[in-house]
Amino acid sequence: MAQTADESYELARAHLERVQVSSWGDPVDWADLSMYGFYCLEACVVAAALHLGQERPSGHREKVETADSLAAEQNLPDIWDLLRDLNDMRKHEAYGDVDPPEGLDAEEVAGAIEEYVDSVGALLQS
């Protein structure tokens, strides 16, 4: 069954809830924050692409390329650096073989993710 733009967006909203919970803990749950943040942004990219009649991007690289196009063509926030940082943190937490990105603030990361979700939500309403 092919996922619709709305279904992908609802999945992103569910991931966002996990992001918000993990960002306020003491200590921060970077494993959940990075994983669900990364998946949240990717689900938003898929939702936006499908909404615009594009093919569903598959794989991380294609989703990053689509996110870049959406930033340029639809004026969505540029999330290239955020995707890279979240993916690196996710790998650090999951495998331990990648250094964590320096200077990440959990509340700022969660805020940037929420901003992207809101921007995609507005696009879906247009």
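The values are calculated or read from the model by the stated rules, or taken from the named source; none is laboratory data. Model, not experiment: these values are computed from the prediction. FYI the Cβ positions are ideal-geometry reconstructions off the backbone, even for glycines, and counts take in every protein chain you see. Note: areas computed on protein heavy atoms with side chains; ligands, DNA, RNA excluded. Shrake-Rupley method; radii C 1.70, N 1.55, O 1.52, S 1.80 Å.
From the list ALA49, ALA72, which residue is at pLDDT 95 or above and under 18 Å from GLN125 (Cα atoms)? Spell out how you get there, then give the answer.
Numbers: ALA72 fails: under 18 Å from GLN125 (Cα atoms).
Criteria check complete, one pass: ALA49.
Testing TYR116 on (1) in contact (Cβ under 8 Å) with a residue 40 or more places away in the chain; (2) open to solvent by 50 Å² or more (accessible area, probe 1.4 Å), one condition comes back false. Which one is that?
(2)
Answer with yes or no whether SER34 is of a type outside the set (Val, Ile, Thr) and touching a Cys at 6+ places or on another chain (Cβ under 8 Å).
Details: of a type outside the set (Val, Ile, Thr): yes; touching a Cys at 6+ places or on another chain (Cβ under 8 Å): no.
So SER34 fails the test.
I'm trying to understand the selection: among the residues of region 54-89, which are under 20 Å from ALA5 (Cβ atoms) and among the acidic types (Asp, Glu)?
Of everything in region 54-89, those that are under 20 Å from ALA5 (Cβ atoms) and among the acidic types (Asp, Glu) turn out to be GLU55, GLU62, GLU65, ASP68, GLU73.
Which of (1) open to solvent by 70 Å² or more (accessible area, probe 1.4 Å); (2) within 15 Å of TRP30 (Cα to Cα); (3) in contact with a Phe, Trp or Tyr (Cβ under 9 Å, 6 or more places away or on another chain) is the odd one out, the single condition ALA106 does not satisfy?
In the conditions (1) open to solvent by 70 Å² or more (accessible area, probe 1.4 Å); (2) within 15 Å of TRP30 (Cα to Cα); (3) in contact with a Phe, Trp or Tyr (Cβ under 9 Å, 6 or more places away or on another chain), ALA106 misses (1) alone.
Looking only at region 44-76, count how many residues are without any contact (Cβ under 8 Å) to a residue 12 or more places away in the chain and either at negative phi or outside any helix (DSSP H, G or I) (or both).
So the answer is 11.
Across region 1-48, what is the number of residues that are small (Gly, Ala, Ser) and within 14 Å of the chain's Cα centre (by Cα)? Break it down stepwise before answering.
Of region 1-48, the ones small (Gly, Ala, Ser) are 2, 5, 8, 12, 14, 22-23, 25, 31, 34, 37, 43, 47-48.
Restricting the remaining residues to those that are within 14 Å of the chain's Cα centre (by Cα) gives 8, 12, 14, 34, 37, 43, 47-48.
Residues meeting the conditions: 8.
Matching residues to (1) touching a Pro at 6+ places or on another chain (Cβ under 8 Å); (2) open to solvent by 30 Å² or more (accessible area, probe 1.4 Å):
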{"residue": "ASP29", "(1), (2)": "no, yes"}
{"residue": "GLU42", "(1), (2)": "no, no"}
{"residue": "ARG56", "(1), (2)": "no, yes"}
{"residue": "SER69", "(1), (2)": "no, yes"}
{"residue": "TRP80", "(1), (2)": "no, yes"}
{"residue": "HIS92", "(1), (2)": "yes, yes"}
{"residue": "TYR95", "(1), (2)": "no, yes"}
